[in-house]
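What follows is one structure encoded as structure tokens, with my remarks underneath.
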Amino acid sequence: MTACPENIIELMNDHLDGMSTPASEQVLKEHLHSCGDCRKEYQELNKTIAFIQSASHIQAPPDFVSKTMAALPKEHQRGNVQRWFRRHPMLAAAAVFCMLMSAALFSNFNDDQQFAFTKQENLVVEGQTVIVPEGEKVVGNITVKNGDLRVEGELEGNVTIVNGQYMASSGVITGEIEEIDRMFEWLWYKIKNGVKDAASVFSGGGDESDTDE
Amino acid sequence: MQALINKRIGKVLKGDKESYAEIVELYQHQLYQICYRMLGNKHEAEDIAQEAFTRAYVNLHTFDQNRKFSTWLFRIATNLCIDRIRKKKPSHYLDQEVRGTESLDMYSQIANDNPLPEEELMQMEVQERVQYEISRLPDKYRAAIVLKYIEELPLAEISEILDLPLGTVKTRIHRGREALRKQLSNL
């Protein structure tokens, strides 16, 4: 055994792995010829391999394909949607954004079915009508939701009416009048205002008005 | 071959589930054989092979079509097999002593881990014996030996399937081979 080259196991393994060079093959061959112990080990390894390789080929059961196919998760609609999302991530993100945005805005519209108006001094309310009384002067913007506005006195500011009417009368308004009574106009108005608000935040100001019911 | 597979994969990804049946058809025997040799049990082999095909189907979009499909599929299967083997092992240490006994350890409690008596081994049929000896290998070596000698895959492919460096795969095959030689010394 003392005469065995140190790397004889390595040479043997390389040979069995089919990765030996002609030179190392020669060294191995010569050594096996002279050394009984190594020859025995080599023969046993070869026998081991032959034994393992005598294992017969195993086949899957005959109904394997149909069983496997039946066990696959049901995909259909959900899978298609997922696949679409994967293919168009940007579009998907945009679609989700639009869906959430419009949902928020529409729900806003439905929540706002109540009568509401901007609280200003000197305003008089009769039922669902907001009145600027004769001889009075109101300074500031007025928004009326789900109600009408009648101006008999003087109003210095803009008027916005949602789902209501501005009733023309002898009053004086110095500002713009806007009437909104349809859902999509309401949407548009919200978006426009959102942009305006954002702009006014950046310009460091804006008209703040608190809404009261 | 690979082009053919990729064509099928493309169809499956577009929603044509039936094309996957052709893929299963092509690889069923190889995959089942790996699982059977790893687990040594027909029911478990079928179970795990099916699970591997299902996982491959669900994650098909992550498969890189520049690579070999069988490598990817076999990797899923060997991982599942190794998981299964580890789960079957008891959580105690095998050589911990059983309480109240002097020299009885857990080995003696698990019939399966005890080498069978000589005469019983001699009565085994060759095929039975082959599977028995493979099952006695530690799972680390078992996967490498099965892929190398049963599936006869090149070392480079085995290294990809097992996600191990080539050198480690070689070492495992050498050690597995040596362990088998010792197990078979009475043959």
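Couple of notes before you dig in:
- Residue in region B:82-98 that is charged (D, E, K, R) and at pLDDT 90 or above present: yes
- Residues that are under 15 Å from B:Glu51 (Cβ atoms) and either at pLDDT below 70 or facing chain B (nearest Cβ under 8 Å) (or both) were ranked within region A:66-85; the one that is farthest from the chain's Cα centre (by Cα) is A:Lys67.
- In region A:92-113, the residues that are open to solvent by 70 Å² or more (accessible area, probe 1.4 Å), modelled with pLDDT under 85 and of a type in the set (A, V, I, L, M, F, W, C): A:Met101
- In the set (1) modelled with pLDDT of 85 or more; (2) away from chain A (no Cβ under 14 Å), B:Arg142 fails one condition alone, (2).
- Strands (runs of 3 or more DSSP E) contained entirely in region A:114-159, each with at least 3 residues that are crowded, with 20+ Cβ neighbours inside 10 Å: A:129-132, A:142-145
Every residue, every condition in (1) crowded, with 19+ Cβ neighbours inside 10 Å; (2) of a type in the set (A, V, I, L, M, F, W, C); (3) at pLDDT below 95; (4) not in a helix (DSSP H, G or I), yes or no:
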position: B:Lys7; (1), (2), (3), (4): no, no, yes, no
position: B:Gly15; (1), (2), (3), (4): no, no, yes, yes
position: B:Ser19; (1), (2), (3), (4): no, no, yes, no
position: B:Ala49; (1), (2), (3), (4): yes, yes, no, no
position: B:Ala52; (1), (2), (3), (4): yes, yes, no, no
position: B:His61; (1), (2), (3), (4): no, no, yes, no
position: B:Gln65; (1), (2), (3), (4): no, no, yes, yes
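- Selection within region B:21-42 - in a helix (DSSP H, G or I), more than 7 Å from every other protein chain (Cβ to nearest Cβ) and open to solvent by 30 Å² or more (accessible area, probe 1.4 Å): B:Glu22, B:Leu26, B:Gln30, B:Lys42
- The single residue among A:Leu45, A:Leu100, A:Leu91, A:Leu32 that is touching a residue at least 12 places away in the same chain (Cβ under 8 Å), aliphatic (A, V, I, L, M) and outside any loop (DSSP other than H, G, I, E, B) turns out to be A:Leu45.
- Helices (runs of 4 or more DSSP H) lying entirely in region B:116-187 (those with 1 or more residues that are open to solvent by 50 Å² or more (accessible area, probe 1.4 Å), without any contact (Cβ under 8 Å) to a residue 60 or more places away in the chain and under 28 Å from B:Phe69 (Cβ atoms)): B:139-145, B:155-161, B:166-183
The values are calculated or read from the model by the stated rules, or taken from the named source; none is laboratory data. Because the structure is a prediction, the values reported are computed rather than measured. Positions of Cβ are generated from backbone atoms using ideal geometry, with glycine treated the same way; all protein chains shown enter the neighbour counts. Ligands, DNA and RNA are stripped out before the accessible areas are found, and what is left, the full protein with its side chains, is counted by its heavy atoms. Shrake-Rupley method; radii C 1.70, N 1.55, O 1.52, S 1.80 Å.
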